[in-house]
Structures are given as structure tokens and as C-alpha cells.
Amino acid sequence: MAEQVLAAVRTGPVKTEIREYPMPGIPEDGALMKMEVAGICGTDVKLYQHPPSAARVIMGHENIGTIAKAGREFTRRKGFKEGDLVFVEHYVACGKCEWCHLGQYRHCENTDWRNNPDSIRYGYTSAERAPHLWGGFAQYVFLPWNAVVHRVPQGVTPELAGLVTPMANGVEWSLFEGGVGYNSTVLIQGPGQQGLSQTVICKQAGASLIIVTGTAKDGARMEVAKALGADHVIDVSQEDPLSRIMEITGGKGVDVALDCTAGAGTGPILLGIDALKRKAGTIVVQGESEKFPDFPLAKVTTKYITIKSARGHSYKACELALAQLASHRFPLERVTTHRFGLKDVDLAIRSVGGKGVKDVIHASLMPWQ
Ligand SMILES: [Zn+2]
Ligand SMILES: [Zn+2]
């Protein structure tokens, strides 16, 4: 095995450099993963433009790879051995708290980068911290005893497995938070990889009506949305979305509204609230605007609306997402549109953000290319 590991390191806002790190020694209870694919999502776009700290960071938090080296204790405790193709959640959990015991590693303090300066999370943690390999935009990633590892089912390629994170979010947000199921009517705002993943999951769960919204630049994505099961797509820059939704639903509105937009301000929340049915709809939100002037609280209250927060995914959502990928039931090759090599991390992230290569839906970063 090589002595040095190549990594793309974020050194500042919209700045990447290729660096070498020493190949780490592996403790008995740890492992080393050879990277196959790091998925790039809207969160990378945000973190790249506005890094949460000045630290050098190897980004990449949606990581698929092969176990290259595993300590004996790692294999004994976790069941993974060298050669296994795995998906590693970006949450590095404490393994002891209530959230961890629930499989809700996303809420564990050990991985809470907003509140805990010592937290560990792939794609977020400083590369200064030994053994440095805390992100997927590198040839190898270090797995400590408390990494959360899932087996990739047979027949699922690494590139397809690279969709597991948006798919797991799809399960978590639409099914577990939104309660989408048989005969549900759903509004999905935003036709990016996240909105498209929600479309697949809602379709599989039995939703009877799926409406996906986008803007004029989303033509290609809207076509993919239809191929994946959307019943209607609405270009909000051409049509009034609320009147279209009411027309489609015969004036009833939808059961569940999911916000999968990025940088669209408060508009999608307002539309979601208006598009929900007369009583007891659910809106799943993920925006992080500090302020919301004129928030229509009266509408929320009188319509008896439930607001849920989208925050990543649970262990169970990941397993269901992997099973979804293994079913090959949907033409997901229409979502995994582009591949980039390690030297093109900057271009890859910008492209996912709509400023680089055109019509990228899901970008697979392949660190060995
Ligand atoms: Zn992500
Ligand atoms: Zn914990």
C-alpha cells in the first residue's frame, strides 16, 4: 500500500488544494476504507462557499468505499472485513447516548459540529486532526470503532450506492417525518437530487399524487422527475404554482409538502403552507434562514399544520435506502449524471451548485480518477 494518501482539501471559501497525508496506522478496533465514490450534494455547495470554520477540511460526507484494512477488533465487533463494499454515515457517533441506541446518530453530541468543537463528522472535521482522513474527497478514509457502517447489497455498484444519502433522506423526510404512505398526495419543491430521491421514495410508498416544482433552468431535471414517478411538474417561473396545485387536486390541496429547494428564501415555505389541505397537513422544512418576516402563523395554526424538520437520516432510513437501490426498480442512472476525479473537486462542487458543467443532477466524485 502507498505511503501517502492524496486528498482534495478545502483551504478557504471556494478554494481547494491537493495535499498528501501519511497513510495512517490502523488500530485493532479501527479500519481504513479505500474510497470508491463520494456523492456531492447541496450541503457541499453551502459548506464550500461559506465554510463554518477556517480549518482545512477534506470535504466529502456521502462516502462509499471498500474496506482496505481492518483491525481484528473492528471485524469482530462490527462484522466488516477487508474487501467489503460499504457505505459510511457521516455521523461519527459516541455509541453510548440515547440517540445512538435509537440508531439516530444524526442527533448524537459526538457528531454535532454546530455545538461541539470536538465533534467528528466526515466532510466537516479538520484535516489537522490525526489521523487526518476525515473526508471522502481523498483516496482513503479512516474508520474509528464508532464509525457507522452499512453493507452495500450485492448488485449495487459503488456509483449507484453513491445515491444512498439522498435516498436515505428521502425515506427519513417523506416517510418518517412527513408520514407519506398509501394514497398520500405530496408536493415536492425542488427537482435536484434530493427532490428526485423524495419522488422515488414517495412513489414506492404508494403516494397517489406527486407534484414536483422547479424553475426554468430545471427542464432536464423535470423530465427525470417524470421518469421517476412524478405525476405533474410545475415550472414556478412560468405558472402560478398554487393555482396549478389547486387545479390538480380539485381545490383540496396536498397532504404533505416537502421543501427540497436551495437558496429560494421563504417562498417555498409560504407555498407549502398554502398548498396543504384544509386541515392537518404536514410540511417538512430544511431551510436555515435566520429570519422569517411575516411568517403566517395564523394559517399554520388554523389549518392545524404540523411542521417537521428535515435533519439527515437514521440508521433505518439508510438500510431502507440501500434496499431501494438494490431493487433496481427506478431508472436511477438518470440521476447519477456526472463523474469527476479528485483534481476536479472544485468544478464538481460548483457544477452541483449550478455554476460549472451543465445539467448535473448527482455528481460522483471518484478519488482514483
Ligand atoms: Zn449530503
Ligand atoms: Zn451518541
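We did not get these values from a lab; they are worked out from the coordinates using the rules stated. Since the structure is predicted, the reported quantities are computational estimates derived from the model, not experimental observations. Backbone-built Cβ (ideal geometry, glycine too); neighbour counts: all protein chains shown.
Here is how the number arises for the chain: DSSP H runs of 4 or more residues each give -39500 (n - 2.57), the sum is divided by the residue count, and the result at 222 nm is -7000 deg cm²/dmol. With respect to the cross-link table entries K291/K358; K308/K355; K15/K217; K81/K316; K46/K343; K78/K203, which display a Cα-Cα separation exceeding 29 Å? Violating the 29 Å limit, Cα to Cα: K291/K358; K308/K355; K78/K203. Based on the reciprocal of the average 1/r between different C-alpha atoms, the Kirkwood radius for the range 257-369 equals 17.2 Å. The residue list S53, L32, I18 was ranked by how far each Cα lies along the charge dipole of the range 1-90 toward its positive end, using unit charges on Cβ atoms, and S53 comes out on top.
Loop-resident chymotrypsin sites (Phe, Trp or Tyr not before Pro) (DSSP state other than H, G, I, E or B) in the range 167-243 with no more than 10 further Cβ atoms inside 10 Å of their Cβ: Y182.
Relative contact order, percent, of the range 1-47 when contacts are C-alpha pairs under 8 Å separated by at least 6 residues? It rounds to 27 percent for the range 1-47. Summing Cβ point charges (Lys, Arg +1; Asp, Glu -1) relative to the Cα centre of the range 202-265 gives a dipole of roughly 160 debye.
Taking a ≥ b ≥ c as the square roots of the eigenvalues of the Cα gyration tensor, an a/c ratio of 1.5 or more together with a/b no larger than b/c marks the range 103-187 as oblate.
Sorted into 10 angstrom bins from 0, the C-alpha pair distances of the range 228-315 split as 15, 48, 32, 5 percent. Can you list the DSSP H helices in the chain whose Cα atoms extend at least 15 Å along the helix axis and whose mean Kyte-Doolittle hydropathy is 1.0 or higher? Span-like helices in the chain: none at all. The spacing between the range 1-24 and the range 298-321, judged by their C-alpha centroids, is 37 Å. For the chain, relative contact order (Cα pairs under 8 Å, six or more residues apart, normalised by length) works out to 18 percent. Structure remark: mean-square fluctuation, Gaussian network model of the chain, C-alpha springs under 10 Å; the largest value among N169, N115, N183 belongs to N115. Distances between placed amide hydrogens fall under 5 Å for M23 paired with Q4, V5, all partners being 5 or more residues away or on another chain. Would you be so kind as to identify which of G155, G281, V335 lies farthest towards the positive end of the dipole of the chain, taking Lys and Arg as +1 and Asp and Glu as -1 on Cβ and the Cα centre as origin? Value computed over the given set: G281.
For the range 213-318, the list of GluC sites (Glu not before Pro) that fall in a loop by DSSP and count at most 16 other C-beta atoms within 10 angstrom reads E239, E288, E290.
For the range 309-369, the set of chymotrypsin sites (Phe, Trp or Tyr not before Pro) satisfying both a DSSP loop assignment and a count of at most 15 other C-beta atoms within 10 Å is given as W368.
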